[in-house]
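Colleague: Supplied in C-alpha cells, the structure appears directly below.
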Amino acid sequence: MSDSGRKKPPLVADRRYPSKTAKARTRAKPKPKKRKTRARRRNPLTRLVLWFLRWVWRLVWGFGWRVATVSAIIVALAVGYVALTLPPIDQFYDGRARGSVTLLDASGDVFAWRGDQFGGVITEDTVSRHLKNAIIATEDRRFYHHFGLSPRGIASAVRINLSEGRGPLSGHGGSTITQQTAKLICLGVPYDPEKWISEAAYEADCRQGSIWRKVKEAIYAMALEAKYTKDDILTVYMNRAFLGGGARGFEAAAQRYFGKSAAQVNPQEAAILAGLLVAPTRFAPTNNLERSQARAQTVLKLMHEQGYLTDEEHAEAVANPARLSEAAQKRAGGYFTDWVMRTGPEVFTRGTTEDVIINTTLDQRIQTAAEEAMREIFEAKVREDSEAQAAIVVMSADGAVRAMVGGRKTRVSGEFNRATMARRQTGSAFKPFVYAAALDLGRSPLDMIEDTEYCVTIPGSGEWCPQNFDREFRGPVTLVDALKTSLNVPAVRLAQESGLDIVRKVAVEFGIESDLADGPALALGASDATLLEMTGAYAGILNGGSSVTPYGMNELRLLGEQEPIFSTGTGIGERVILEESARQLIWMMNKVITEGTGGRAALPDREAAGKTGTSQSTRDAWFMGFTADYVAGVWMGYDDNTPLTGVTGSGLPAEIWHETMVRVHEDLPARPLPMKEPTPPTQTDEPDGRREDRGRTGGDINSVLRGLFGADNR
C-alpha cells in the first residue's frame, strides 16, 4: 500500500529545531500601530532664555580658557624669572642680621645665650632621621609629592578658618614647607637697617598675609622648586626656622634645649623641636616644659600614623618624654647675664653681628647657693603675699662677680635688676668708710669717742642733732664698740673730725659712684648706692685697702677664633687706705658679727666680718660682709619705697647672708680673715681724741689732707 497520501508525523528533531519552512508557515503576529504624537512646541520665552544661557556659557568659556592660558604663561614666566635670579643655595642658610653671644661660666661650661643663636649649618642627611621625619609629618606630609603648593591643603585651611569664624586667610595657612621657606627668606629680600626701624619690623612685614603677598609667595615657592631639589629646600628650612629662646635653626635649638647636636636627638626630642614650629615662644620647653611635652605627644602620634615610628618606638617615646639639658633647666644667671650684656662693649654684645664667646666670672654653684638661700628665707619667714624684694651679690676680693640675684624671681631675663639698677639709701652699711678714713688718719679702734648729745649747724637748714637707733646715749665708747653696736652719734662725730670731704673721697675711691650727700648725714648713709657698688667697696676693704671695679667678663673672642679680642686680668685698682688700716677695720667688722648687731650672720666654721644697715624710715635693709674667700652683699626692701615692717639689716638680710655664705663655703677649708687686732694704747689720748702720730706718714699727712680738703673740723 502506498502511504503517499498520508500525513507524516513531525520528527522529534524537527520539533526541537524547526525548519525555515516551518518558520515561514508560522503566521507573524501583527505589530501594534504606533500612535502619532504631535511635537510640543517650547514657549518662545523659554527658548530665548536657553539661547542666552548658551551664549553666556560660550562667552565665559571662550574668555576663561584664554585668560587661564595667558595667566599660566605669565605665572610660568614669573616663576622662570625668579628661578633665574635665585642665588646658590648656601647663601640662604644663615640669614641673621644679628650675631649671637654664648656665655661660659668660670669653669668653661655654657650657661646662657643671647642674640640669634646659630649652631652651624645642617643638611637633611646630617640631622637625625627622627628630626627630619618629625618635621615632614608635622608640617607637610606630601612635601616630596607636590610642586611647591598644595591646593588640597589650602582648601582645607580655608574651610577650617571659615568654620572657626575667621577670614579665609587668617589662622591656618595650609602652607607647604616650600612656602614657609619662601617666607623665612622673605622672598629673597635681605634685611636693610636703613630701611627698617628694627629687625622685628622687617620680619613682621615678611609674615604679613595679604592676598598679593600670598600670590608672590606662591610664585617664589614654585621658583624654589624649579631651581633647587627638595632636599635643598628642606635644608634651608631647617637652618632658618626660628625655634624660640633665640635659636635660629634646628642645630641651635637642639644645643639650646638638649645640649646636643641635631644629629643626635631621639624621637621624643625631635618631637619637641618639630612642635616648636607652630608657636616657638609658646611651646619653648624653657618657658613651659609640660606644655611643650604635650605638644610633642601630638607630633609623635602623627609620626606613628604616617609610618615613621614603629609601635615599639612610639610607645617608648610616649613613656619617656624629653627632658631639658642641665644648663637649660637651670637657666642660671639671668640677672648676671643681662648685666654683662649691658656693660660689655656694644659692638660685641648688644649690637654684635658676629658670633661671640664670652668667658665670665660666674660660678654656677655659688649662683645656685644664693638663689636657694633667698628662696628658703622668704618661704620660711616672709608672709606669702608680701611684695618685698631682695637682691644678692657675691664676688671675690678682686671684684670678680661670682653670683648675682636681682630679685625674687630668679629664672628670668630682661627684668629689673635690683642688684645693679636700684639706687637705695645705704644706712649704717656706709659707716665702715667713715671708720676707714679715721683709721687711715691715725685713729685706733681702741680710741675713745663720745656718745653724747651732739648737734651740728647746717647752713640753710639750721641745727641737726643725730640720734641713736634706741635714742639712748652711752657716754665715752671705743671706736670698735661704736661700730659693732652701730651708734649714730659717734659716727657723725668721727666724720666731722676726719673731714666730710675725706670720708666722701674714701667712699668714692672704694667704688661708690653715686652722688654722695654733702652734709653730716653722709656718715649715716643718707646717700644712695647700688648693691653692686657697695659689695665692690667692701671687697676693697677685704683685699687690703685697694679699690675694686666689679667685673663679670674674663675674656671675649669670636666663635672659631683662639685669640681673645680682649681679656680682664683683675678688678683691683689704686690703693685707697693703708693695708694696716684695712686690717684693723676688718677686725672691727668681725666684732660686729661676733659681739654686735650682725650676730645672725655668724658662720659656724669660719671667721666673718660685716656691717648691718637700715635706712631712714626702714625703707632699706642691708647686710654687707665677707670671709677670707668671698664678699657678699644683701639688700631688702620694696620697689615703691614702702617702709619695711619689723625688718632691719640685722634681721632677714643678715639671715639671707648667713644662708648664702654657708652654702657658698660648703667643702671649702676655713681660712682666717686678714685682720689685725690693735695694740692697746700706752699713753693718754689728746683731749680731742685724735692721735696725730699715726697714719700713712704720721702727722704730716694729716696736715696735707686737711690743707687739701679744708676738713679741720674740731
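Colleague: Starting from region 310-324, keep only residues that are farther than 12 Å from Ala296 by Cβ, then list their pairs with residues that are not in a helix (DSSP H, G or I) whose Cβ atoms are within a distance under 6 Å, requiring at least 6 positions of separation or different chains.
Modeller: Going by the 6 Å Cβ cut-off, the qualifying pairs are Leu324/Pro285.
Colleague: Let me ask something else. For residues in region 559-596 being hydroxyl-bearing (Ser, Thr, Tyr) and over 39 Å from the mean Cα position of the chain (by Cα), which is most open to solvent (accessible area, probe 1.4 Å)? Lay out the reasoning, then the answer.
Modeller: Here is the first cut: in region 559-596, the ones hydroxyl-bearing (Ser, Thr, Tyr) are 567-568, 570, 581, 594.
Those left that are additionally over 39 Å from the mean Cα position of the chain (by Cα): 581, 594.
Working: Ser581: 7, Thr594: 88 Å².
For region 559-596, the residue satisfying everything is Thr594.
Colleague: Now for a different question. How many residues are open to solvent by less than 30 Å² (accessible area, probe 1.4 Å) and touching a Lys or Arg at 6+ places or on another chain (Cβ under 6 Å) when one looks only at region 331-360?
Modeller: The total comes to 2.
Colleague: Based on this model, can you work out whether Ala254 counts as modelled with pLDDT of 90 or more, crowded, with 24+ Cβ neighbours inside 10 Å and assigned to a helix (DSSP H, G or I)? Please lay out each step first, then the result.
Modeller: Numbers: modelled with pLDDT of 90 or more: yes; crowded, with 24+ Cβ neighbours inside 10 Å: yes; assigned to a helix (DSSP H, G or I): yes.
Spelling it out, Ala254 is indeed modelled with pLDDT of 90 or more, crowded, with 24+ Cβ neighbours inside 10 Å and assigned to a helix (DSSP H, G or I).
Colleague: In addition: Search region 442-464 for residues that are farther than 15 Å from Ala491 by Cα and open to solvent by 10 Å² or more (accessible area, probe 1.4 Å) and pair each with any residue that is part of a strand (DSSP E or B) and not β-branched (Val, Ile, Thr) when their beta-carbon atoms are under 8 Å apart and the residues are at least 6 apart or on different chains.
Modeller: Thr457/Glu463; Thr457/Trp464; Ile458/Trp464
Colleague: Restricting attention to region 189-211, which residues are touching a Phe, Trp or Tyr at 6+ places or on another chain (Cβ under 7 Å) and either closer than 16 Å to Phe242 by Cβ or among the aliphatic types (A, V, I, L, M) (or both)? Talk me through it step by step, then tell me what you get.
Modeller: Applying the first criterion (touching a Phe, Trp or Tyr at 6+ places or on another chain (Cβ under 7 Å)) to region 189-211 yields 191, 196, 199, 202.
Within region 189-211, Tyr191, Glu199, Tyr202 meet the criteria.
Colleague: Also, quick follow-up: How do the pairs read when you match residues in region 88-101 that are under 30 Å from Thr337 (Cα atoms) with residues anywhere that are of a type outside the set (D, E, K, R) and assigned to a helix (DSSP H, G or I), using Cβ under 6 Å and keeping only pairs 6 or more apart or on different chains?
Modeller: Close Cβ pairs satisfying both conditions: Tyr93/Asn239.
Colleague: Also: Take the residues in region 93-112 that are among the hydrophobic types (A, V, I, L, M, F, W, C) and at pLDDT 85 or above, then tell me which one is farthest from Gln367 (Cα to Cα). Walk me through it before giving the result.
Modeller: Pass one, region 93-112, residues among the hydrophobic types (A, V, I, L, M, F, W, C): 97, 101, 103-104, 106, 110-112.
So of that shortlist, the ones also at pLDDT 85 or above come out as 101, 103-104, 106, 110-112.
Details: Val101: 20, Leu103: 15, Leu104: 14, Ala106: 12, Val110: 14, Phe111: 11, Ala112: 13 Å.
Here the residue is Val101.
Colleague: For region 413-434, give me each residue that is within 12 Å of Met636 (Cα to Cα) and out of contact with any strand residue (DSSP E or B) (no Cβ under 6 Å at 6 or more places or on another chain).
Modeller: Within region 413-434, just Ala422 meets the criteria.
Colleague: While we're looking at this one, here's another question. Restricting attention to region 652-703, and to residues there that are at pLDDT 70 or above and charged (D, E, K, R), which single residue is surrounded by the most Cβ atoms within 10 Å (Cβ to Cβ)? Lay out the reasoning, then the answer.
Modeller: Of all residues in region 652-703, those at pLDDT 70 or above come to 652-681.
Next cut, charged (D, E, K, R) only: 655, 659, 663, 666-667, 671, 676-677.
Working: Glu655: 19, Glu659: 21, Arg663: 17, Glu666: 9, Asp667: 5, Arg671: 12, Lys676: 16, Glu677: 14.
The qualifying residue surrounded by the most Cβ atoms within 10 Å (Cβ to Cβ) is Glu659.
Colleague: Can you name every residue in region 258-298 that is within 17 Å of the chain's Cα centre (by Cα) and not hydrophobic (A, V, I, L, M, F, W, C)?
Modeller: Gly259, Pro280, Thr281, Arg282, Pro285, Thr286, Asn287, Asn288
Colleague: With the condition kept exactly as written, say whether any residue in region 336-355 is outside any loop (DSSP other than H, G, I, E, B), in contact (Cβ under 8 Å) with a residue 60 or more places away in the chain and under 29 Å from Lys132 (Cα atoms).
Modeller: no
Colleague: Scan region 491-501 and tell me whether some residue there is closer than 30 Å to Thr361 by Cβ and out of contact with any strand residue (DSSP E or B) (no Cβ under 6 Å at 6 or more places or on another chain).
Modeller: no
Colleague: Right, something else. Applying the selection to region 314-330, what residues are open to solvent by 40 Å² or more (accessible area, probe 1.4 Å) and touching a strand residue (DSSP E or B) at 6+ places or on another chain (Cβ under 8 Å)?
Modeller: Within region 314-330, just Lys330 meets the criteria.
Colleague: Name the residue, out of Gly649, Gly633, Gly637, that is buried (at least 24 other Cβ atoms within 10 Å of the Cβ) and at pLDDT below 95.
Modeller: None of the others qualify; the one that does is Gly649.
Colleague: Also, quick follow-up: Find all pairs meeting these conditions: Cβ atoms under 6 angstrom apart; at least six residues apart or on different chains; first residue within region 119-145 and over 18 Å from Glu251 (Cβ atoms); second residue open to solvent by less than 40 Å² (accessible area, probe 1.4 Å) and of a type in the set (Lys, Arg).
Modeller: Short answer, once both residue conditions are applied: Tyr144/Lys230.
The values are calculated or read from the model by the stated rules, or taken from the named source; none is laboratory data. The structure presented is a predicted model; accordingly, all values stated were derived computationally and were not measured. Quick reminder, even Gly has a Cβ in these numbers, built from the backbone with ideal geometry, and neighbours come from all protein chains shown. Note: accessible area is taken over every heavy atom of the protein model, side chains too, but ligands, DNA and RNA are not part of it. Shrake-Rupley method; radii C 1.70, N 1.55, O 1.52, S 1.80 Å.
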